[in-house]
Structure formats: C-alpha cells, structure tokens
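See below for the structure under consideration.
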Amino acid sequence: MIGAPFPVRPTCLEIENFRGFRGACSLDFGQDLTLLMGECKAGKSSILTAIEWCLLGTKIVSSTSTGIAERGDWILANTMATGETRVTLTLVVEGGKGKLTRTRGLDAKRNAPDQLELTLPGEQILTGNEVEEWLEWTGMPNWDTWKQAFAQHQESARERITDQADRSYLIASMLGLSDYRDLSAMLKKVKPKDLEECAQETLQHLAEDQQRARQTPQQEVNGIQASLQRLNVSATQAGDAELELRRKALIAEALPVGEAIGLPAEQLPHQDWSASEVHTWGVDWRSQVDAHLTPLRQELGDLEGRIRSLTASHEALNPKRVALADARQQLEGLRSKHGSPQDLRAQRETIAGELNTLREQRREQGELNNLLQEALGVIKAGGRTDQCPVCTQDAGGLEQRLQEQLASGGEDTIQNQLDQLASRDGALSSQLQQLEQAQATFQGTEDSLASLEKTLRGQLPPGTQEEAGVTELLAALLAQKVRLEKTINLADENLAGMTGKLEVFGLLLNLRAARERAEHRAGDLSAMPQFAALQDKIDEAAGFACDLIALENMARELEEEQAALQIQAVNQSINHYMSMISPGFEKVVSVHQKHTATKLIYQLVDSEGENLTGTLNQGALNSLSLATFFAGAQFRVSQGLPEFLVLDDPVQSLDQAHQEGLARAVKEFSKLAPVIIACLPSHFTKELERLKSPDDKLCRVHGSDPIQIEEI
Amino acid sequence: MQHETHQRLGEIRASVGMEYGKILQKILAISLLETKVESLVERSVQGIDLEMVIGGATCAFEVKTSEGNTIKLSRKDIEGLDRQVEAGNRAYIVVLTNGPLDDVIFARYHPGEIPAGKELSSFFFRAYQEPALQQRIKSTFPVVVDKYAQTAVEGRQGGLDKILAQYAEWGRA
C-alpha cells in the first residue's frame, strides 16, 4: 500500500443543491469530533452522504455490487434546485488546505460523469482522473476501505461482521494483509490451471492428428489400388522403373503435339522433369491443348468454307455461260423473225391509227343508215313510194334505191376491217412480249454470269487466269486443309489417350507416395523439430505455472506470517473497544485464521473457539460491529494513513449503557482521528455533550427547507 | 515419445496389468544401465525405487506410472523422497503417463513443493524436469522397450531381472 506523505483530513463541508439542501450551506468540522444531532428527516444523513459523494462519486449510488443496494435509485440533486449540485470538502493537506469539489449539472443523466476538481496550496488545480490519482496517492479511501474503515452506515454495518467475505476482508485489512490478499487474488486470476489444460489439449489434438496421419496412408494405398484395378492396371506398375518408362512416354507423346499446335516452350514438358513434375504438368495439358486447338479448328472451318465457295463459284460458271448463249440465240431468232421491238411498236402505232379511222367511218355509216331508215319510214308513211313526200316530185324507185342504199351501206365491211386490224395488233403485241421476255432472260443471265465471274475473280490471286487460278488455289487450300486436319487429329488422338495415361500415371505416383508414407511411419511427431519446439514452449508454460503456484503459496505463507504478527494487536484493539461499548460483555473476542483449499479466511471467535457472530444478540452484534470498525480505523491510523470516521446513527439496538460506552469510545478515538457523527438525540448524544471538549463541535440540524445547521 | 515405443508400452501394459509399474521400472533400469552408470540398485523401501550413482553423486528415483495423465504421490512416497534429500542425495520422481506424445519425465524433487495425495498432471512435473537425465535415456529407452517387450510380456519381472543381472553395475537391496 502506498504510504501517505501526510495524513489528509477534512475540515469543512460546503453543500449546494444536494438532496435536502436547497441553495448553499456550509459546515466547519470540529478538530476531533463533529456531532450532527436532529430528528428524523432533519437532513443529518444527507450531510454524511455529501461527504461520501464528494469523495467517491457515483459509486455510492451505483446499483452494482460496489454500491449500497438500497441506494440504487438514490436521487442526488435537490428536487427544487434550479442550479447544479455541488459539494466541496476542504481538506488539510501538506502545505495548507485543499478544496475537493464534485459537481453535477442540473440536467445530468444518472450515469453521466461528475466534474471533479481539486485546488491545492499554491493554486495548483487538478481535475478528473488527476484528482482520482491524487486521492489514491494520499491513501484517501476507495470504496472498499471506505466501507471497512471510514463509514459506519446503518444499512451495511452488520454485514461487516456477519457476511463471511466482508468480515474476512475487514479483519485481513486490520491485520495489514491487504497487499498479500490482493496478490493472491491477482495470481488466482492468472489461473495456472488454464495453462495446464491448454497444454494438455494441444498435446491431445496432436496425438489425434498423429493417429490419423498414421492410419491414413494405408487406407490411401488400398483406395488407390482399387482404383487401378478398375482401370485394369497392376499395382506393380508403381515401381520406379515402370514410372520412369511412363514418364518418358508421356513426354515423348506430348512434345510433337505441342510443337504441332504451337504450344510455347514453357507449356511443354522437359525431359529432365521428375515424375511428379510431369504429373503436375499433365493436369493442365488438356486445357492447354484445347486452348490452342480451338483457333485451329476455327481455321479449318474457314478453309473448308473457302474451298466450298470456290468450287461452287467455279462449277456454276459454265452452265451460266451456256444459258446466256441460249438466251442470246433465242433473242436474236425472235428479232430476226419479228423485227426489233421498235419496229413492232411502230407497226402497232400504225394499226392503232387505222383502227381509229375505221371506227370513225363506222360511226358515220351508222348515222347515214339511220337517215336512210328514217327516209324509208317517211316514204312508207306517205303511201306513195314513187313520189318525194317533201316536194312531191317524181321519185320513182326511191324506196327501192333507199333499200339498196341501206343494203349496200358498208358497215359490215368496216367491221371486218376493224376485226382484221385488231387481230393483227394482238399478234404484234404477242411478238413484242416474247421479245421483251427473251431480252429480260438474256439480261438476267448476263448479270448473273458477271456476278459469278466477279466472285470467282475475287477469290483468285490477281493476274491469274481463271481456270488455272482456280485449279492452283483449290490445290493450295486442300493441301492446307489436309495439314490442319492432320494436326488436329494428332492432338485429339493424343488427348484421348493422354487423359487415361495421366490418370493412371497419377494413381501410380500416389500409390508410390502412399506406400512410402505407410512404410516410413510418417506422422511420428516426436521426431519433428517443430514438436521439440512445442515441447519447449509447454515446458516454459509449466515452469511459469509452477512459479505462479509457488508465488501464490508464498503470498499465503507471508499472509499467515503477517497475520501472526498482527493478530495479537488486533485482538487487543477489538476487545478494548468492545469493553468500552459493551461494558458487560464477558467474552473475549479473538481473530481466528482458517485455512481453506484455496485461501485463508478470518473469523471472530470466543475463547472457546466458537464463532461469535452466530450467537450474539442484536446489541452485542452491533457493539462488535462498531468495535471491529474502530479497530480497523485505528490500524490505518497506526500505519500513518488518512483516517476519519463517519458514523450514521450508530446507536441502533444499543441501550443506555451501550450508548454511553459508545460515546466514550468515540470520544477516545476522536483523539486519534476526526469523527463525524449523525444521530438522533439520545443517551449517546447526551454523553457526548457531557464529554465535549473545545476541539469538538456539536450541531443541531433542522429539517425545514432549506436545512439549517445550528451549533450548540 | 516415438509412436512405436508408445505402442510397445501399450502392448506390455495390456499384457502385464498391475505389474506394469514394476516392469517399466526395470525397463528404465536397463535403459539407464545402457548409459554406463557407476551403479544402479533396486530398492524395496517406500519412496524409492531405484538408486543410481553417477559421477560420484547418488540419485534416488521414485517411479510413477499412470493410465491417465496424472499421478499421485502418497505421504510415504513424499517422506521417502524427503529422507533422500536429507541424506544429501538428489531425489527424482520419474513420471510416465499414458499420452501418445508423453515422454519419461525425470522431475527433481524439492521438499515441500509437491503435495501428497493430490492428483498431479505430467504438466506439473515438467517444471521440475531434468533435461540431462532425460537426454541420457532418450536413445536407449526406445531401443530397450523394443528389444525386451517380448521378454516383459512373456517373462514378466523375472524375465527382466535376468537381463538386469547381466549388468555388473546392477544390484538389489
């Protein structure tokens, strides 16, 4: 434990907006004793908890195991307050006075951090963690020491001696064993057993791995042999000589294929490669060959297309030429027979003119015939066929002449002429159609032939004769095709065979390796340097674990020794205070050290060795609680550590004699360190009033709003 | 430990049952004798199984074997070892547990550091092991196990005693 350079103690308390305190209020402590006396709800406890809050902050209202459970929902701020909550504790420190101030904002949330500030002599100001560190450095209380040797709270007083862990911790503190116990606790946290379990687990896994590694090769051998059997290959082929032959054969077969399809040298197997290297290469062989064969197959397809196209173009040319000659002959025959289309069209125009003339003549003849018919009608109507019905002149034979005229009118002749002309025009039209059709056939054939000739010309080298060029080109293309087909066939045949050969080769290689593993007992970890290194590490861990155990034992032994040195003094101190507080108590209290499997625990027993806490009445239990509390605080004082007692209503279950005894004990202790007490008016307070000295301060606390403190 | 050695020991253990501790003690004795010691004596007193003199120094061995990975020393074992230390000898607990990778551990005994009646794992004894002694039998122990496994199975302790009797440095007390 860090020794305090100066025993810090509080001299004054300033409270603002804290619980029952609305606005600001201050209280100077007495040099030795400060008594706050008042009825219930007067605010006495709030003053004490203000000290506690100022020193320890949210720990006192935390609902965790470090806090006081009943204060889980404890409200810090005054409910009517309009400003922040602030408590300042003036401390006597080395070189003068310091002010420790804890502040909480008006709207601060429950778990929000407080502002903590410490002003030291020389205007040195510390804040936050600096203050916490300063408090630790000076040996001011932390939550544990506060509970054990500073504050006697009515909520937790009895737990201090009735709870085994608290009691043991309290007594161990009194015996000056905190450091040893802290060391033991720390060593226990390291858990050497974990190291052991980890090492055992690691070795166990390795042993299992080794077991598997040993079993696997033979299973592998059996599996590979079965696979070879399915391929009708004898397992005897896994010998070195046989594998060498296969290796060479694979390379020999692959090289010409690779060269033929243009594989780069790095993709070809080397003669000096080992069997494993050849097998590794073989895994990618198919894909590499396929990759190079794809463009070759494409090229072959293109080549075949060209040959088909050239042949087709060439073969179509002669029939087209014959057809063109036929078309020309037919066209010329028609022309010589019928004339040219222009002639025919001119003849048709002439006929069309004649037809028009004839049609005009036929119309006029029709009109004449109509007149003659009308004249005949008139004549017949007049009754005299020899006299003109108009001028009555003699017109003998008129009717007959009219009849003759009508009969010889010429209409039929004209019609005949018209029919003849139409017939002739039809013939001319047919001839013209024949001529145009022959012309079109000829033209189409000529165009088609020109196109074929152009296509063929495009395929032939420039300047070559058609027939010779075609022949030469076809020969070249066919030769190229044969070469390509040969290469592709070679590669295909190789792939077809190589796949099986590589599979067998791989199986044989694996069989040889598996046999070697099985034969050479692979997996014996004990021979591996890595295993030796692991063993060294485990040895180091074992050494470390043993050192930890030894340290733990040593801490325990030292604790025992230290306890033996202090136990008498502590017993005296407890019994001294017990005799003061409980004058009629007849038993002698002793601290008893008990060994358990893992630690030392401390109990309070009577002279018979019986556990005291289980048999005492409430008053005696409270008295014992107070006596051990004083003894613990006295131990701190003896160590030069800061100490001041804060007692909240310490007289519970105590009769007048016990209360007066407690007052005397308090008075005596206050000479060692300041004591601040809150209590109802009682025999205890009366006795303290009676014992009051100038260094004491007795106050009455009134619970009106705001709380008022009045010095008695 | 080599796999073959572990297998052999497993075969011996399966055959000899309760005698395994004594059998192993004799195999260890042969392994030590193979390393040219000045003398090696088998003791029948509690707490000590073998006493070896090497380089003028006396080493006392309490041999402990286990089917699991822990061993337990009785109060008498501890007292016997304490007496050896008081007599100025080097006392060792020779531990051989049954893990496939466990080796023979020669753990130096320091009075007060090893509790009696408590199951202690081989891991615990690693902290006290003496590499020089372990190195001494590293090569001979596997050979001896392999060589005399059949003798141990068929001839038991008597068979191994006959082998031990062939060494001039061997004695019984």
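The values are calculated or read from the model by the stated rules, or taken from the named source; none is laboratory data. Just so it is clear, the model here is predicted, and its values are computed rather than measured. Don't worry about glycine lacking a Cβ; one is built from the backbone with ideal geometry, like all the others, and counts go over all protein chains shown.
Can you find even one residue in the stretch A:90-105 that is more than 16 Å from A:Glu643 (Cβ to Cβ), modelled with pLDDT under 80 and charged (D, E, K, R)?
Within the stretch A:90-105 (the criterion being more than 16 Å from A:Glu643 (Cβ to Cβ), modelled with pLDDT under 80 and charged (D, E, K, R)), the answer is no, since none of the residues qualifies.
In the stretch A:241-267, which residue that is free of Cβ contacts under 8 Å to residues at least 24 places away in the same chain and either outside the structural domain of A:Glu493 (by TED's automatic domain parsing) or acidic (Asp, Glu) (or both) is surrounded by the fewest Cβ atoms within 10 Å (Cβ to Cβ)?
Only one residue fits best here, namely A:Glu266.
Taking B:Lys72 as the residue in question, decide whether it is closer than 24 Å to A:Phe544 by Cβ, more than 13 Å from chain A (Cβ to nearest Cβ), of a type outside the set (A, V, I, L, M) and surrounded by fewer than 21 Cβ atoms within 10 Å (Cβ to Cβ).
Yes, satisfied.
For residues that are within 12 Å of another protein chain (Cβ to nearest Cβ) and either under 26 Å from B:Ala14 (Cβ atoms) or modelled with pLDDT of 90 or more (or both), tally how many sit in the stretch B:109-118.
Number satisfying all stated conditions: 1.
If the requirement is being assigned by TED's automatic domain parsing to the domain that holds A:Thr58, loosely packed, with under 15 Cβ neighbours inside 10 Å, more than 41 Å from the chain's Cα centre (by Cα) and not hydrophobic (A, V, I, L, M, F, W, C), which of these qualifies: A:Glu130, A:Glu123?
A:Glu123
Would you please list the contacts, defined by Cβ atoms under 7 Å and residues six or more apart or on different chains, that run from a residue in the stretch B:1-27 that is within 14 Å of chain A (Cβ to nearest Cβ) and among the hydrophobic types (A, V, I, L, M, F, W, C) to a residue that is surrounded by fewer than 17 Cβ atoms within 10 Å (Cβ to Cβ) and in a helix (DSSP H, G or I)?
Nothing qualifies.
Quickly run through the stretch A:525-543 and pick out the residues that are free of Cβ contacts under 8 Å to residues at least 12 places away in the same chain, assigned to a helix (DSSP H, G or I) and either closer than 13 Å to B:Phe125 by Cα or not hydroxyl-bearing (Ser, Thr, Tyr) (or both).
A:Ala527, A:Pro529, A:Gln530, A:Ala532, A:Ala533, A:Gln535, A:Asp536, A:Lys537, A:Asp539, A:Glu540, A:Gly543
All but one of (1) without any contact (Cβ under 8 Å) to a residue 12 or more places away in the chain; (2) over 24 Å from A:Glu197 (Cα atoms) hold for A:Gly506, so report the exception by its number.
(1)
If you check A:Asp343, A:Asp272, A:Asp284, which single one turns out to be loosely packed, with under 11 Cβ neighbours inside 10 Å, without any contact (Cβ under 8 Å) to a residue 24 or more places away in the chain and not β-branched (Val, Ile, Thr)?
After applying the criteria, what remains is A:Asp272.
For B:Val94, state whether it is within 14 Å of another protein chain (Cβ to nearest Cβ), closer than 28 Å to A:Phe531 by Cβ and within 11 Å of the chain's Cα centre (by Cα).
So B:Val94 does not fit the description; no.
Exactly one condition in (1) in contact with a Phe, Trp or Tyr (Cβ under 9 Å, 6 or more places away or on another chain); (2) not in a loop (DSSP other than H, G, I, E, B) is not met by A:Glu710; state its number.
(1)
Please tell me if A:Leu228 is within 14 Å of another protein chain (Cβ to nearest Cβ), in contact (Cβ under 8 Å) with a residue 60 or more places away in the chain and more than 30 Å from A:Leu296 (Cα to Cα).
Here the answer is no, as A:Leu228 does not meet what is asked.
Restricting to the stretch A:675-695, name every residue that is within 60 Å of the chain's Cα centre (by Cα) and of a type in the set (Gly, Ala, Ser).
Once the filter is applied, which keeps residues that are within 60 Å of the chain's Cα centre (by Cα) and of a type in the set (Gly, Ala, Ser), the stretch A:675-695 yields only A:Ala678.
For the stretch A:555-568, give me each residue that is more than 11 Å from chain B (Cβ to nearest Cβ) and free of Cβ contacts under 8 Å to residues at least 40 places away in the same chain.
Result: A:Glu561, A:Ala564, A:Leu565, A:Gln568.
Among the residues in the stretch B:73-86, are any in a strand (DSSP E or B), closer than 14 Å to B:Leu120 by Cβ and in contact (Cβ under 8 Å) with a residue 40 or more places away in the chain?
No; the residues of the stretch B:73-86 include none that is in a strand (DSSP E or B), closer than 14 Å to B:Leu120 by Cβ and in contact (Cβ under 8 Å) with a residue 40 or more places away in the chain.
Condition first: of a type in the set (Lys, Arg) and within 16 Å of A:Thr445 (Cβ to Cβ). Now tell me which residues in the stretch A:298-352 satisfy that.
Answer for the stretch A:298-352, where residues must be of a type in the set (Lys, Arg) and within 16 Å of A:Thr445 (Cβ to Cβ): A:Lys320, A:Arg321, A:Arg328.
Of everything in the stretch A:180-205, what is buried (at least 19 other Cβ atoms within 10 Å of the Cβ) and within 14 Å of chain B (Cβ to nearest Cβ)? Give them in sequence order.
A:Pro192, A:Leu195, A:Glu196, A:Ala199, A:Leu203
I'd like the full set of residues that are surrounded by fewer than 13 Cβ atoms within 10 Å (Cβ to Cβ) and within 30 Å of B:Ser121 (Cβ to Cβ), limited to the stretch A:206-222.
Passing the criteria: A:Glu208, A:Asp209, A:Arg212, A:Gln215.
Could you count how many residues in the stretch A:214-225 are away from every other protein chain (no Cβ under 14 Å) and under 12 Å from A:Arg512 (Cβ atoms)?
Of the residues in the stretch A:214-225, 4 are away from every other protein chain (no Cβ under 14 Å) and under 12 Å from A:Arg512 (Cβ atoms).
Being more than 29 Å from A:Gln639 (Cα to Cα), among the hydrophobic types (A, V, I, L, M, F, W, C) and within 14 Å of chain B (Cβ to nearest Cβ) narrows it down to one of A:Leu551, A:Leu534, so name that one.
A:Leu534
Looking at (1) under 18 Å from B:Gln134 (Cβ atoms); (2) in contact with a helix residue (DSSP H, G or I) (Cβ under 8 Å, 6 or more places away or on another chain), which is the one condition that is false for B:Ile54?
Of the numbered conditions (1) under 18 Å from B:Gln134 (Cβ atoms); (2) in contact with a helix residue (DSSP H, G or I) (Cβ under 8 Å, 6 or more places away or on another chain), the odd one out for B:Ile54 is (2).
Across the stretch B:108-118, what is the number of residues that are loosely packed, with under 12 Cβ neighbours inside 10 Å and either in contact with a strand residue (DSSP E or B) (Cβ under 9 Å, 6 or more places away or on another chain) or of a type in the set (Phe, Trp, Tyr) (or both)?
2
Would you confirm whether or not the stretch B:50-59 contains a residue that is surrounded by fewer than 18 Cβ atoms within 10 Å (Cβ to Cβ) and outside any strand (DSSP E or B)?
Taking every residue of the stretch B:50-59 in turn, at least one turns out to be surrounded by fewer than 18 Cβ atoms within 10 Å (Cβ to Cβ) and outside any strand (DSSP E or B).
Residues that are closer than 21 Å to B:Gly55 by Cβ and not small (Gly, Ala, Ser): does the stretch B:114-124 have at least one?
No: zero hits.
Pick out the one residue from A:Leu672, A:Leu698, A:Leu654 that is over 60 Å from the mean Cα position of the chain (by Cα), over 30 Å from A:Leu135 (Cα atoms) and either crowded, with 23+ Cβ neighbours inside 10 Å or not basic (Lys, Arg) (or both).
A:Leu654
For the stretch B:1-33, name all the residues that are modelled with pLDDT under 95 and either assigned to a loop (DSSP other than H, G, I, E, B) or of a type in the set (Ser, Thr, Tyr) (or both).
B:Met1, B:Gln2, B:Thr5, B:Ser15, B:Tyr20
Check A:Gln225 against each of (1) assigned by TED's automatic domain parsing to the domain that holds A:Met498; (2) crowded, with 17+ Cβ neighbours inside 10 Å; (3) assigned to a helix (DSSP H, G or I) and name the one condition it does not meet.
Failed condition: (1).
Quick check on A:Ala518: is it in the same structural domain as A:Val289 (by TED's automatic domain parsing), in a helix (DSSP H, G or I), modelled with pLDDT under 80 and at negative phi?
yes
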